[in-house]
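Throughout, read-outs are computed from the coordinates displayed, never taken from laboratory work. Computed from a predicted model, the values in this text were never measured in an experiment. Positions of Cβ are generated from backbone atoms using ideal geometry, with glycine treated the same way; all protein chains shown enter the neighbour counts.
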Ligand code: FHN
């Protein structure tokens, strides 16, 4: 076969494999026609009903914080940008190519000697998150560079060996808990600079010995985190895609069991492990491995059915990618508050939690662009938060105006696309006993008129209600209509079906 056609074939195979691997995040899940025996499948039921999981479902909005040594360079070094040289700002240790500084890895691996965030205040971060309306936060204890922000006994590469010295994880957990915000700990299994870490599956006896030592180290650190910070609600695992971790499915299954036994109610996402057939996030029968889908990273499901009834979170960067501090936001699209509000309401309307990422700089300050969004988002949440927290998917026909969320007999319509005729028309099944009986704007508490619009389309299973928006009501941001549902006195004429 000619070389070119072989390369094309290889490329297409790679594309196919990648698209197949990601099929679970780009459309409805396809379940195998026949179930097979899976020994290392789910440990918890698909739909937990305990208090901790109900609290998870009620969060709505969360904050992710990626912080570590990568915050010091901020995606550049001595005026040279790492853009294009490293995959993301928190991946800057992997910076390569013509612009990468000479002996960059050695420079990076010595940054801990200068890590001294003098402007860091966990209390300020927690207050900002509270004002933003976040109900939980996910904090990086250790990213792929292996640097621990807590004084771990199992590695000297940790915060106690830095000018800062203090236990950052403890400061964050205590400050956020004091603001009534639950804390989840991000933990990367992958450790670039750990001599015992292997990305490939261990083959030789020496490799097996090394990697088994690494697995024990990982278990020790996780048990240490549970012991040191008993108020945390869960783990957000990452870096679990290498073959070395995938082949350790018996170890990871037993580790998950042990973590759950040690910490009743612990919440763990689907990214932690895989079954014995190498299936990650969902086992070989399509059943979720963990308590919530943890693959909606910088993407959102387009249909409620894609979730197959699973709980889920969506984690999102403000820049296109880049979770750690990026000093320079010029020349890239950074999401606006309106973008984020749309993603937030899209997420909660499908029973998910939306988690917005912040990447503080090496001194402990948020990027000014993050401060701006936190303020604007918080201002919006102060008025409209009840449409975000403690709500669920509304089982109603979709609307083109925005997103529906529901809490018992209260329906929230968050309007992004205002009808030019000011008639917010919603469809309800004709057989429904929960129909609009009153409505008001959350922004000014103004009561709104509701008109039954029984259009009478042939074979139409729905009836319609128009909520009349005052012409003089003006706002430059999405707004929420709070609708009380009940049994209004309406009459739907029985019309003759069309003869076709
Ligand atoms: O490689 C990491 C990345 O640095 C970041 O932490 C995100 C957000 O969790 N997760 C992985 C990339 O998918």
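By the gyration tensor of its Cα atoms, with a ≥ b ≥ c the square roots of the eigenvalues, what is the shape of the stretch 403-458: rounded for a/c under 1.5, prolate for a/b over b/c, or oblate? Because a/c hits 1.5 or more and a/b fails to exceed b/c, the stretch 403-458 counts as oblate. What is the distance in Å between the Cα centroid of the stretch 298-322 and that of the stretch 243-294? Rounded to whole Å, the Cα centres lie 20 Å apart.
Helix 249-262 axis versus longest C-alpha principal axis of the chain: approximately 70°, rounded to the nearest ten.
A simple packing score, the average count of other Cβ atoms within 10 Å per residue, orders the peptides 28-34, 141-147 as 141-147, 28-34, with the highest score first. Segment residue 420..residue 444, full-extension length gain: 6.6 nm, with 0.36 nm per residue of separation and the alpha-carbon distance subtracted. Ordering 457, 350, 255 by the number of other Cβ atoms within 10 Å of each residue's own Cβ, fewest first, gives 457, 255, 350.
If r is the Cβ-Cβ distance from residue 375 to residue 52 and R0 is 35 Å, what FRET efficiency results, to the nearest 0.05? Efficiency for this residue pair is about 0.70.
Backbone N atoms of the stretch 238-263 closer than 19 Å to the 7 Å Cα→Cβ label point of residue 25 belong to residues 238-246. When only Cα pairs below 8 angstrom with a gap of at least 6 residues are kept, the chain shows a relative contact order of 17 percent.
Provide the packing ranking of 413-421, 66-74, 487-495, i.e. peptides ordered by the mean count of other C-beta atoms within 10 Å per residue, highest first.
Details: 413-421: 15.7, 66-74: 25.1, 487-495: 9.1.
For the peptides 413-421, 66-74, 487-495, the packing ranking is 66-74, 413-421, 487-495.
Between residue 155 and residue 454, the C-beta separation translates, for a Förster distance of 51 Å, into a calculated FRET efficiency of about 0.15. Counting only DSSP beta bridges with both residues in the chain, the antiparallel share comes to about 55 percent. With the contact rule set at Cα under 8 Å and sequence spacing of 6 or more, what percent relative contact order holds for the stretch 394-486? In percent, rounded to a whole number, it is 36.
For the ranges 469-475, 211-217, 134-140, what's the packing order if you count other beta-carbon atoms within 10 Å of each residue, average per peptide, and put the highest first?
On the way: 469-475: 11.1, 211-217: 16.9, 134-140: 24.6.
Ranking, from highest mean packing down: 134-140, 211-217, 469-475.
The gain in end-to-end length when the residue 472 to residue 206 segment is fully stretched comes to 88.2 nm, 0.36 nm per residue minus the alpha carbon separation. The stretch 384-406 to the stretch 206-225: how many Å between their Cα centroids? Distance between centres, Cα-based: 44 Å. Over every Cα atom in the stretch 51-387, the radius of gyration and the widest Cα-Cα span, Dmax, amount to 19.3, 61 Å. Here each label is just a point 7 Å from Cα along the line to Cβ, and for residue 491 and residue 258 those points are 7.2 nm apart. Extension gain, residue 39-residue 116: 0.36 nm per intervening residue step, less the Cα-Cα distance, totals 23.0 nm. For the stretch 186-287, a/c is not less than 1.5, where a ≥ b ≥ c are the root eigenvalues of the C-alpha gyration tensor, and a/b does not top b/c. That puts it in the oblate class. Roughly how tilted is helix 205-228, in degrees to the nearest 10 and between 0 and 90, from the longest Cα axis of the chain? With both axes taken from Cα atoms, the answer is about 60 degrees. Measuring between their Cα centroids, the stretch 429-500 and the stretch 54-127 lie 49 Å from each other.
The label point for residue 87 and the one for residue 332, both projected 7 Å from the Cα toward the Cβ, are 1.5 nm apart.
Quick one: grab the alpha carbon gyration tensor of the stretch 90-144, order the square roots of its eigenvalues as a ≥ b ≥ c, and give me rounded if a/c is under 1.5, else prolate or oblate depending on whether a/b is larger than b/c. In terms of gyration-tensor shape, prolate.
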